């Protein structure tokens, strides 16, 4: 059988010869950079980069990657470091920089975009920034691991306090893991200050802690090492879309965290910045969020059309009474509550777990341990004390991923209070032979 | 380790739920197939694996920055993260249109002559790789635009397959004209199973190179410079087998692609003519710590090699036989026997089913880049491992095959084979359609 190139060999070799020399093409219409600072993962950024540059070939994206705590200093440089757009999931950073005058009025039309999803605002009241996507909080569950342990899937936070969940919950450390600080506030807002901390104490006693920079909550659950993991949704829903045998449960009490975009007041390319934000909010841009490797929640309701029924729709959930968490209301306290969590439940985690095991065992045998239990459940400060503006200000810059903080005097005092409470609880348990 | 240990404590204490579960999904539908750890890593090893993974996934930050561990992008670079080119540890592709950027490929540059130790001689102004991006204040070097030129091949039975080859233009050159330059396009390969390639003994490769082969196939080892050993050794990584070790391949990519220095390559990738680059703030000395490089190496070395799927399907088995009968397996050897690993005992003594001989072969004028690289001449390429081939498009929808991504399908890649591989290509092209489909089904099973 004779086979070969349709084009003649001579023509083919002539074509190859032209390849041997690079051509320096003459000047073309200028492609202007749009400088975007972000903390999104590369899977998400690369897809937006390719799609934006295809839609707007006159612009080329230049991405500067910074965690939120590191973004604000950069944006406070002269001329804001040449950044055109800031795009990140850190509402506190946007609000804080808005107070500094970092943003210009948002130059985009928000037609077709709701102002809220449940109790979460999707547009800045002063018009400086807009939500571009959302992510919800809930539980990664492994049906196989739950079944093997004869456990039911948790439906709400109280289910995580069940003693049967001991050692089965992967819990991100709020002060260390970027997405986790709002989780503390979701429970406090839903159940109140006292009952909320009591619940957190019991959940923490059941939990194994996940720190930043190594394992993922979804790893721990997918591997079967834990049956449940507290997480932001996209890590888990993306893992599911890629083949992991997991489910994601949005609990009865939950909310969403919005990511935003804003155009800097010193933007060197305001037209390009406008084009980029418009693209983020467009139907095409919003659809990118639903890619299996991304799995964020679009802010444009029409982007949910055509998605599988299992794809969480926050607007539908809100219409059914869900998503009551008010992230904006929690914002002034979220740094403080994460710091309290650290001193009350993370730093002494081993002790907390052991003391709760003694309490639970004593309760099962009818021993009087209510007072000891109360000591373990009580935070080191009252809700009124936590409302102190001066105290809150100390923690306002404890932004997502901001590691290496020194323990402040307030934290040292909480640490001491919590230690005293644990010692008192231990003594009470000793006294009743628990 | 702490977390794992706690769960194991729970198990040891007889607490509820003390079970070992492996819920890994079937590889055929698993888009994370190239991201799993090898079985049996200890908690300490798993901690290293996960730290290495976090660095591979990390987008690097322009210095100075608060995140010291990940500071030091550039000053000149191509992409922000390893996974920018190796999404989910998979393979990249070429841009479809001239105005599209190279998201997962790069351009190697050199000028005639040899550099230190016999490697390519870098371009005096642009260095050995076109870095399209620069940190603020440092101009990116320029753009490489690809235009595709079509050609057609007729197969047995009359089917016509349209092929394409790249024509490259350099634009927006920030540091003056390139002048006479040798360049070579490189699409990022997938990065699973690399640790096992390091276990194939040097003697095995030399014997393979010296052994008699059918169809005029030859095969040669490359001998390259080992930066750590400060010696010339056999090359086995890279498209021209121009890197001696996985560690050097990683450190080279950190420097070349992201401008991240390491203990192996402690100097920023700025040429004397690039003043702004030389004056830019460094992210540390080195920017990737030795521990970080250790852990990235550990991570890549311990990624589970791609697992075969559907190997017992009749069409796949028939295709496997045709793969051998057509002469493909002479170079794409189904397995090599691994020996010891210099650092990781866990990898030693395994059968390495990578479908490669790790040798250089003349692939003909149509694939030649005209660029020498140590002992590799401008027509030679290392036989690329085929394991994982059938997973690639499920992981990255823009996957391109061959060194420059010109082939959009494995069939197109086969049809570009020439030189030592010409007889095998002719046999493939002469097969009846059903047989060709069986052979392609076999490739999809890898």
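Do we find a residue being in a loop (DSSP other than H, G, I, E, B) and under 30 Å from residue A:266 (Cα atoms) anywhere in segment A:127-149? Among the residues of segment A:127-149, at least one is in a loop (DSSP other than H, G, I, E, B) and under 30 Å from residue A:266 (Cα atoms), which makes the answer yes.
Using the structure shown, decide if residue B:221 is in contact with a strand residue (DSSP E or B) (Cβ under 8 Å, 6 or more places away or on another chain), more than 14 Å from chain A (Cβ to nearest Cβ), crowded, with 19+ Cβ neighbours inside 10 Å and closer than 22 Å to residue B:380 by Cβ.
On the way: in contact with a strand residue (DSSP E or B) (Cβ under 8 Å, 6 or more places away or on another chain): yes; more than 14 Å from chain A (Cβ to nearest Cβ): yes; crowded, with 19+ Cβ neighbours inside 10 Å: yes; closer than 22 Å to residue B:380 by Cβ: yes.
Against the criterion (in contact with a strand residue (DSSP E or B) (Cβ under 8 Å, 6 or more places away or on another chain), more than 14 Å from chain A (Cβ to nearest Cβ), crowded, with 19+ Cβ neighbours inside 10 Å and closer than 22 Å to residue B:380 by Cβ), residue B:221 qualifies.
Which residue, of B:166, B:177, B:189, B:136, is surrounded by fewer than 23 Cβ atoms within 10 Å (Cβ to Cβ), in a loop (DSSP other than H, G, I, E, B), out of contact with any helix residue (DSSP H, G or I) (no Cβ under 6 Å at 6 or more places or on another chain) and within 12 Å of another protein chain (Cβ to nearest Cβ)? Selected residue: B:177, the only one of B:166, B:177, B:189, B:136 that is surrounded by fewer than 23 Cβ atoms within 10 Å (Cβ to Cβ), in a loop (DSSP other than H, G, I, E, B), out of contact with any helix residue (DSSP H, G or I) (no Cβ under 6 Å at 6 or more places or on another chain) and within 12 Å of another protein chain (Cβ to nearest Cβ). Is segment A:156-169 home to any residue that is within 13 Å of chain B (Cβ to nearest Cβ) and more than 28 Å from residue B:42 (Cα to Cα)? Yes, some residue in segment A:156-169 is within 13 Å of chain B (Cβ to nearest Cβ) and more than 28 Å from residue B:42 (Cα to Cα).
Within segment A:63-77, being modelled with pLDDT of 95 or more and more than 10 Å from chain B (Cβ to nearest Cβ) holds for one residue alone: A:75.
Tell me the residue from A:372, A:339, A:318, A:362 that is touching a strand residue (DSSP E or B) at 6+ places or on another chain (Cβ under 6 Å), part of a helix (DSSP H, G or I) and in contact (Cβ under 8 Å) with a residue 24 or more places away in the chain, please.
Working: A:372 fails: touching a strand residue (DSSP E or B) at 6+ places or on another chain (Cβ under 6 Å); A:339 fails: touching a strand residue (DSSP E or B) at 6+ places or on another chain (Cβ under 6 Å); A:362 fails: touching a strand residue (DSSP E or B) at 6+ places or on another chain (Cβ under 6 Å).
Only one candidate qualifies: A:318.
Can you tell me how many residues within segment B:71-88 are more than 7 Å from chain A (Cβ to nearest Cβ) and either in a loop (DSSP other than H, G, I, E, B) or crowded, with 24+ Cβ neighbours inside 10 Å (or both)? The total comes to 11. Taking the criterion of being out of contact with any strand residue (DSSP E or B) (no Cβ under 7 Å at 6 or more places or on another chain) and over 20 Å from residue B:369 (Cβ atoms), the residues of segment B:158-186 that qualify are B:158, B:159, B:174, B:175, B:176. Scoring residue A:196 on the criteria (1) away from every other protein chain (no Cβ under 14 Å); (2) in contact with a strand residue (DSSP E or B) (Cβ under 7 Å, 6 or more places away or on another chain) leaves a single failure, condition (2).
Could you list, in sequence order, all residues of segment A:226-245 that are over 19 Å from the mean Cα position of the chain (by Cα) and in contact (Cβ under 8 Å) with a residue 40 or more places away in the chain? Break it down stepwise before answering.
Quick first cut of segment A:226-245, residues over 19 Å from the mean Cα position of the chain (by Cα) only: A:226-227, A:242-245.
If the condition is that a residue be over 19 Å from the mean Cα position of the chain (by Cα) and in contact (Cβ under 8 Å) with a residue 40 or more places away in the chain, then A:226, A:227, A:242, A:245 are the ones that fit.
Summed over segment A:40-62, the residues that are crowded, with 18+ Cβ neighbours inside 10 Å, over 25 Å from residue A:134 (Cα atoms) and at the interface with chain B (Cβ under 9 Å from one of its Cβ atoms) give a count of 1. Of note, residue A:107 satisfies the criterion of being part of a loop (DSSP other than H, G, I, E, B) and in contact with a strand residue (DSSP E or B) (Cβ under 8 Å, 6 or more places away or on another chain).
Taking the numbered list (1) in contact with a strand residue (DSSP E or B) (Cβ under 9 Å, 6 or more places away or on another chain); (2) within 13 Å of chain B (Cβ to nearest Cβ); (3) surrounded by fewer than 24 Cβ atoms within 10 Å (Cβ to Cβ) in turn, residue A:210 passes all entries but (3). The residues of segment B:55-67 that are at the interface with chain A (Cβ under 9 Å from one of its Cβ atoms), over 19 Å from the mean Cα position of the chain (by Cα) and not in a strand (DSSP E or B), listed by number, are B:59, B:60, B:62, B:65, B:66, B:67.
Among the criteria (1) on the phi > 0 side of the Ramachandran plot; (2) under 26 Å from the mean Cα position of the chain (by Cα), the one residue A:366 does not fulfil is (2).
Residue A:177 falls short on exactly one of the conditions (1) touching a helix residue (DSSP H, G or I) at 6+ places or on another chain (Cβ under 8 Å); (2) assigned to a loop (DSSP other than H, G, I, E, B); (3) within 24 Å of residue A:325 (Cα to Cα), and that condition is (1). I'd like to check something: does segment B:355-375 contain any residue that is more than 14 Å from chain A (Cβ to nearest Cβ), in a loop (DSSP other than H, G, I, E, B) and within 20 Å of residue B:307 (Cβ to Cβ)? The answer is yes; a qualifying residue exists. Could you please let me know if residue B:27 is at pLDDT below 80, crowded, with 17+ Cβ neighbours inside 10 Å, farther than 30 Å from residue B:273 by Cα and more than 7 Å from chain A (Cβ to nearest Cβ)? Spelling it out, residue B:27 is indeed at pLDDT below 80, crowded, with 17+ Cβ neighbours inside 10 Å, farther than 30 Å from residue B:273 by Cα and more than 7 Å from chain A (Cβ to nearest Cβ).
On the stretch given as segment A:26-39, residues that are facing chain B (nearest Cβ under 9 Å) and crowded, with 21+ Cβ neighbours inside 10 Å total 3. In segment A:150-165, the residue that is surrounded by the fewest Cβ atoms within 10 Å (Cβ to Cβ) out of those that are under 25 Å from the mean Cα position of the chain (by Cα) and part of a loop (DSSP other than H, G, I, E, B) is A:155.
Is it the case that segment A:85-105 has a residue that's modelled with pLDDT of 90 or more, under 32 Å from the mean Cα position of the chain (by Cα), closer than 26 Å to residue A:288 by Cβ and facing chain B (nearest Cβ under 10 Å)? The answer is no; no qualifying residue exists. Among residues of segment B:292-312 that are on the phi > 0 side of the Ramachandran plot, those with a beta-carbon under 6 Å from a residue that is assigned to a helix (DSSP H, G or I) at least six positions away or on a different chain give the pairs B:310/B:316.
The values are calculated or read from the model by the stated rules, or taken from the named source; none is laboratory data. Values in this document were obtained by computation on a predicted structure and should not be read as measured data. As a convention, Cβ positions derive from the backbone with ideal geometry for all residues, glycine included, and neighbour counts pool all protein chains shown.
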